[in-house]
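Working notes, beginning with the structure itself.
The values are calculated or read from the model by the stated rules, or taken from the named source; none is laboratory data. As the structure is a prediction and not an experimental result, all values here were calculated from the model. FYI the Cβ positions are ideal-geometry reconstructions off the backbone, even for glycines, and counts take in every protein chain you see.
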Amino acid sequence: MKLVPMRFKGVEWHHNPREISFECEKTVNELQAPFGKSYIQNTGRKNMLIKGEGELYGADCTEQFARLLSLFQSGGSGVLAIPKLGTVYAVFEQLRLKGYPKPDVLTYSFVFREVMEERVEYAPDFVVAAQGETLWDISYRFGVEIDRLVKLNPGVRRPDEDLNGREVALC
């Protein structure tokens, strides 16, 4: 089975990272009360960190890294689509070139930080995709599972395909 490449703001990773981690935390405070009692106060979850590392292969590995660097430098937030793990609205926080250069191989690491923004409260029957928008983006924005969107839209060959101006069924 061929995995869909990891994607952020229209840029695809040619080779998915070899390692990826999700760091999820909550802010929890312990409040001391008289007579030796204490209470736990859960004040909510923190923004998740998505970290990973991998290699860029091929004669164009420096161009692949330059595309990632340009994406990093462009700033802003967008939908991060990760194969088999779904989508996260995030900002590209860190990109690092690692190790010693080897012919046709660059080792890198990255960090994305989740941006917890409101999703749409309701989902219409269909939506017209904006330029650069994919099924992954629409899945995140309307809270519809990617597998459901794929089944509802058989004319879309890949969930990371640019759907500019096409109608996408949501239910």
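Structural remarks
- Restricting attention to the stretch 140-163, the residues being at pLDDT below 85, charged (D, E, K, R) and part of a helix (DSSP H, G or I) number 2.
- Index of the failed condition, GLU145 passing every other in (1) surrounded by fewer than 16 Cβ atoms within 10 Å (Cβ to Cβ); (2) within 30 Å of TYR57 (Cα to Cα); (3) not assigned by TED's automatic domain parsing to the domain that holds ARG45: (2)
- ALA169 vs. criteria small (Gly, Ala, Ser), at pLDDT below 85, farther than 14 Å from LYS9 by Cα and surrounded by fewer than 19 Cβ atoms within 10 Å (Cβ to Cβ): no
- Hits in the stretch 41-50 (condition: touching a residue at least 60 places away in the same chain (Cβ under 8 Å) and polar (S, T, N, Q)): ASN47
- Residues in the stretch 14-49 that are among the aromatic types (Phe, Trp, Tyr) and out of contact with any strand residue (DSSP E or B) (no Cβ under 7 Å at 6 or more places or on another chain): PHE35 alone.
- Residue in the stretch 141-162 that is under 16 Å from PHE8 (Cβ atoms) and among the small types (Gly, Ala, Ser) present: no
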